[in-house]
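The values are calculated or read from the model by the stated rules, or taken from the named source; none is laboratory data. Only a predicted model underlies this, so the values are computations on that prediction, with no experimental measurement involved. Cβ atoms come from the backbone with ideal geometry, glycine included; neighbour counts cover every protein chain shown.
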Amino acid sequence: MSATLDFASPISLPVGAGPKLSLVGRDRVGLAAALAEIGVPAGEWKMRVSQLWHWIYFRGIREFEEMTNVSKRRRAALAEHFTLARPEVAAEQVSSDGTRKWLIRLAADTPGEKPHEIETVYIPEAERGTLCVSSQVGCTLSCTFCHTGTQRLVRNLTAGEIVGQLVIARDRLGDWPGAIPPRKSGLPDLRTQDPNSGKPEFGGTIVPAGERFISNIVFMGMGEPLYNFDGVKSAIEVIADGDGLAVGKRRITVSTSGVVPMIERLGAEVGTMLAVSLHATRDDLRDEIIPLNKKYPIKDLLAACRGYPGVSNARRITFEYVMLKGVNDTAADARELVRLLKGIPAKINLIPFNPWPGTCYECSDWKTIEQFSEIVFRAGYASPVRRPRGRDILAACGQLKSETQKLSARERMALRAMAMTD
């Protein structure tokens, strides 16, 4: 479903001269503003925006010259004023299980300022390909089990920076329909075949079925999405638009640590799937694990979940529960979890804790996790144990942290070289 562009609304134009801005990540109003700046008559905006939208978000082009149904004069004017540049991939790491993590360097907020960095993760599976995107530079919640929580919050990402993560991932994976094969564009050709089975592979993992490598988006990267509600909402409207990137809202999940006042708005105004980082069944423990619980305790959080617009057995809420050894993993915890969620259409994701440097936690023993899962399953809830992906490159759940200082200078140089030569 396409977004509606109100052409009667005034459009603000950039003020003053400066470096050329990229059109990648802009919504339809932003593209109309670009057309206005180069002198396109208002009566043509709707048609010309549709053309730009197709080339940028459906075809994934990198140069205005590739817009074959746009006149040469207009292409030249667009190239004179704008670019189709993406944020820079500063480093790319590939896990032994095929998971990929990109360190993405954003444009500096002001001239001379050090650029900020975020991390984005791609997880390939046989039935789907999931992109885990960030919504903030850093995080303000300080959840004690999460590596990102040790990094201070710098700022919210813009809608364009969020959309840009998907565009970059499709670039790196060669995931555009009719795109130039990666080997011809200087990017890695990932569509290889297993020499024995003849099946397509991706980094040693069978690629997802279907036309696209990326079929699902989860806002589970760096930051709390509901503390960047406007940016996340605007980005999702671009990502879900059926004429472009076309990832449907039923395939987009927004995860929150429990920003209760924004949960109803997410369902009513955005309409994506909801995931809740629960991780404890009593307030005193959750206060310790997720300090936000002191402001929005479990009772209030679950009340908001029960009232989430559109929740049903067909659109269940996912409750994430990280398994911490000796902290929240007893049979009594499992039974209390079942009691708390009674009446909520829910799926419970059990997440083996993924270690990171300096953490005070350990992962629960596998037998303990299985016993916990069995109690939840017998109560009628799907309780899959999320298989850790990308642990060896700190790309698993709770391991993201963008500061390159955590790497040695030699490691940073090696990763940067990998990204440039792949």
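Values for this structure:
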read-out: Members of segment 302-322 found to be in contact with a strand residue (DSSP E or B) (Cβ under 7 Å, 6 or more places away or on another chain) and aliphatic (A, V, I, L, M), listed by number; value: 311, 317, 322
read-out: Residue in segment 116-134 that is out of contact with any Pro (no Cβ under 6 Å at 6 or more places or on another chain), over 20 Å from residue 169 (Cα atoms) and of a type in the set (A, V, I, L, M, F, W, C) present; value: no
read-out: Count - residues of segment 1-59 that are of a type in the set (D, E, K, R), at pLDDT 50 or above and either out of contact with any helix residue (DSSP H, G or I) (no Cβ under 9 Å at 6 or more places or on another chain) or part of a loop (DSSP other than H, G, I, E, B) (or both); value: 3
read-out: Search result, residues across segment 83-94 that are over 18 Å from the mean Cα position of the chain (by Cα) and not aliphatic (A, V, I, L, M); value: 83
read-out: Unique match (being over 19 Å from residue 122 (Cβ atoms), in contact with a helix residue (DSSP H, G or I) (Cβ under 6 Å, 6 or more places away or on another chain) and buried (at least 19 other Cβ atoms within 10 Å of the Cβ)) among 293, 228; value: 293
read-out: Residue match in segment 189-198 (condition: over 30 Å from residue 359 (Cβ atoms), at pLDDT below 95 and buried (at least 18 other Cβ atoms within 10 Å of the Cβ)); value: yes
read-out: Residue ID - surrounded by the most Cβ atoms within 10 Å (Cβ to Cβ), chosen from residues in segment 110-133 that are closer than 22 Å to residue 219 by Cβ and modelled with pLDDT under 85; value: 125
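For every residue, the table says whether it meets (1) under 18 Å from residue 136 (Cβ atoms); (2) of a type in the set (S, T, N, Q); (3) assigned to a loop (DSSP other than H, G, I, E, B).
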residue	(1), (2), (3)
233	yes, no, no
255	yes, yes, no
258	yes, no, yes
268	no, no, no
